[in-house]
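*Asks:* Quick one: structure below, then a few questions.
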Amino acid sequence: MLENKNILLGVSGGIAAYKVLDLCSRLKKAGANLKIIMTKSATEFVNPLSFETMGKCKVYTDLFVGHHEEVHHIELAKWADIMLIAPASANTIAKMANGIADNFLLSTYLACDKDVVIAPAMNNNMLKAKATQRNLKILKEDGIKIIKPEPGILACNTVGDGRLEEPIEIVDFLDEYFTEKDLSGKKIIITAGPTVEQIDFVRYISNNSSGKMGYNIANEARKRGAEVILISGPVNPFKINGIKKIQIKTNTEMKDAIARDFEDADALIMSAAPVDYKVEKASDKKIKKTGSSLKLELIENTDIIKYFGSIKKNQTIIGFAAETDDLINNAKAKLEKKNLDYIIANDLKKWGAGFDVDTNVASIISKDKVVNFDIMPKSELANKILDLLR
């Protein structure tokens, strides 16, 4: 969603400025157009040439404002679709809150009539200071969007909340900003990852599901304005803000979690890989080796998606079929048997498909249609799936 978006990036002074080089690279890879303004103190941490190289764009600094006669702060403000200041130092935040425009970055900020986003980064005590909190409150009241810093080890070797948010999360924030909210008002339940069924106190039956597909669907649904309930097995491939997340282990726990919200949900997307079989009687102790073979009696587990397919009313249910042979026919049979609206079929033998990778190769199957897709990022496939709910 960042393709051809004009992002005006302001870099203020602070050791976190070096992380913004990675941010520039990620924004360019996402297709954004960049122009960068650095304060004088920012240039003392990172050479402007580094930003020109990573951002593949012109960098404007306080040191050379006089040489930019053809592009001054007014024109930069007009060019931008959004202005991002990262890192935003305590000094820059204080001046923004009080309307001070004593450098090129701050002058451009005051001239900018587009939305402005800041990503603060500073020492934990500076962040907690009453003056800084007061300034952040003023900026929030002024409509400035604030990407909260994350906890971690700071440059001063203390642990606190002043770390600049990771570049990947900042890109995700901007991507959400520009994403059309076409799923607003919809409540979507999404499951992800494996389930676990105990054999004994220490061993269990599970599978290789990484949860990446389900987490990508949840993240993209959030960006598109949906109310998202993510029911996740014991995996956590990446952080997602702004959703309701329920952590489960067993099939029964997953079924119960879905049931709590299913009645008023618009859709259920079963990206999870629940375990098909469980031990008939799991041991509450560790089974010891005896020097001979061990036989386990397995019984069929709860078929979660089949159950909800049998009781659905107006809900759209989307399932997944991961197969190693006869992909389309097996997927169609599952679609029919479990009363699904769509099924996403994956050939596990194809390169770029399967577990614990960031891409997928899939076919979207309905009762009367099969649409095949070449390899693509799971985030892109997630949007193809969510398009079915518009």
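*Asks:* Could we say that Thr324 is of a type in the set (Ser, Thr, Tyr), modelled with pLDDT under 95 and more than 24 Å from Gly233 (Cβ to Cβ) here? Working first, answer last.
*Replies:* Values: of a type in the set (Ser, Thr, Tyr): yes; modelled with pLDDT under 95: yes; more than 24 Å from Gly233 (Cβ to Cβ): no.
Considered against the rule, which asks whether it is of a type in the set (Ser, Thr, Tyr), modelled with pLDDT under 95 and more than 24 Å from Gly233 (Cβ to Cβ), Thr324 comes out as no.
*Asks:* Another one. Is it true that some residue in region 116-123 is more than 15 Å from Val20 (Cβ to Cβ) and over 27 Å from the mean Cα position of the chain (by Cα)?
*Replies:* So the first thing to find is which residues in region 116-123 are more than 15 Å from Val20 (Cβ to Cβ), and the list is 116, 123.
So of that shortlist, the ones also over 27 Å from the mean Cα position of the chain (by Cα) come out as none.
No: zero hits.
*Asks:* Just the residues that are surrounded by fewer than 13 Cβ atoms within 10 Å (Cβ to Cβ), within 37 Å of the chain's Cα centre (by Cα) and over 12 Å from Glu197 (Cα atoms), please, taken from region 270-311.
*Replies:* Answer for region 270-311, where residues must be surrounded by fewer than 13 Cβ atoms within 10 Å (Cβ to Cβ), within 37 Å of the chain's Cα centre (by Cα) and over 12 Å from Glu197 (Cα atoms): Ser310, Ile311.
*Asks:* Is one or more of the residues making up region 324-338 in the same structural domain as Ala259 (by TED's automatic domain parsing), in contact with a helix residue (DSSP H, G or I) (Cβ under 9 Å, 6 or more places away or on another chain), over 30 Å from Glu227 (Cβ atoms) and among the hydrophobic types (A, V, I, L, M, F, W, C)?
*Replies:* Of the residues in region 324-338, the ones in the same structural domain as Ala259 (by TED's automatic domain parsing) are 324-338.
Filter again for in contact with a helix residue (DSSP H, G or I) (Cβ under 9 Å, 6 or more places away or on another chain), leaving 334, 337-338.
If we keep only those that are over 30 Å from Glu227 (Cβ atoms) as well, we get none.
No, region 324-338 contains no residue that is in the same structural domain as Ala259 (by TED's automatic domain parsing), in contact with a helix residue (DSSP H, G or I) (Cβ under 9 Å, 6 or more places away or on another chain), over 30 Å from Glu227 (Cβ atoms) and among the hydrophobic types (A, V, I, L, M, F, W, C).
*Asks:* Scan region 320-330 for residues that are more than 16 Å from Ala353 (Cα to Cα) and within 29 Å of the chain's Cα centre (by Cα) and jot them down.
*Replies:* Residues satisfying the conditions do not exist here.
*Asks:* Can you name the strands (runs of 3 or more DSSP E) wholly within region 116-184 that have at least 2 residues being surrounded by fewer than 19 Cβ atoms within 10 Å (Cβ to Cβ)? Full working, then the answer.
*Replies:* Values: elements: 116-120, 150-153, 159-163.
Filter on region 116-184 gives 150-153, 159-163.
*Asks:* Taking strands (runs of 3 or more DSSP E) that do not extend beyond region 222-272, which have at least 1 residues that are touching a residue at least 60 places away in the same chain (Cβ under 8 Å)?
*Replies:* On the way: elements: 227-232, 244-247, 267-270.
Hits in region 222-272: 267-270.
*Asks:* Then there is this: For region 237-251, how many residues are buried (at least 16 other Cβ atoms within 10 Å of the Cβ) and not basic (Lys, Arg)?
*Replies:* 7
*Asks:* Another question about this same structure. Considering region 273-285 alone, what residues qualify as being within 23 Å of Ile364 (Cβ to Cβ) and either assigned to a strand (DSSP E or B) or touching a Gly at 6+ places or on another chain (Cβ under 6 Å) (or both)?
*Replies:* Once the filter is applied, which keeps residues that are within 23 Å of Ile364 (Cβ to Cβ) and either assigned to a strand (DSSP E or B) or touching a Gly at 6+ places or on another chain (Cβ under 6 Å) (or both), region 273-285 yields only Ala273.
*Asks:* OK, next. Working carefully through the options Asp356, Asp387, find the one that is in contact (Cβ under 8 Å) with a residue 24 or more places away in the chain, closer than 20 Å to Gly214 by Cα and surrounded by fewer than 20 Cβ atoms within 10 Å (Cβ to Cβ).
*Replies:* Details: Asp387 fails: in contact (Cβ under 8 Å) with a residue 24 or more places away in the chain.
Every option except Asp356 fails the conditions.
*Asks:* Given (1) surrounded by fewer than 22 Cβ atoms within 10 Å (Cβ to Cβ); (2) more than 24 Å from Val357 (Cα to Cα), identify the lone condition not met by Asn208.
*Replies:* (2)
The values are calculated or read from the model by the stated rules, or taken from the named source; none is laboratory data. Note that the structure is a prediction, hence the values are computed from the model and not measured. Cβ atoms come from the backbone with ideal geometry, glycine included; neighbour counts cover every protein chain shown.
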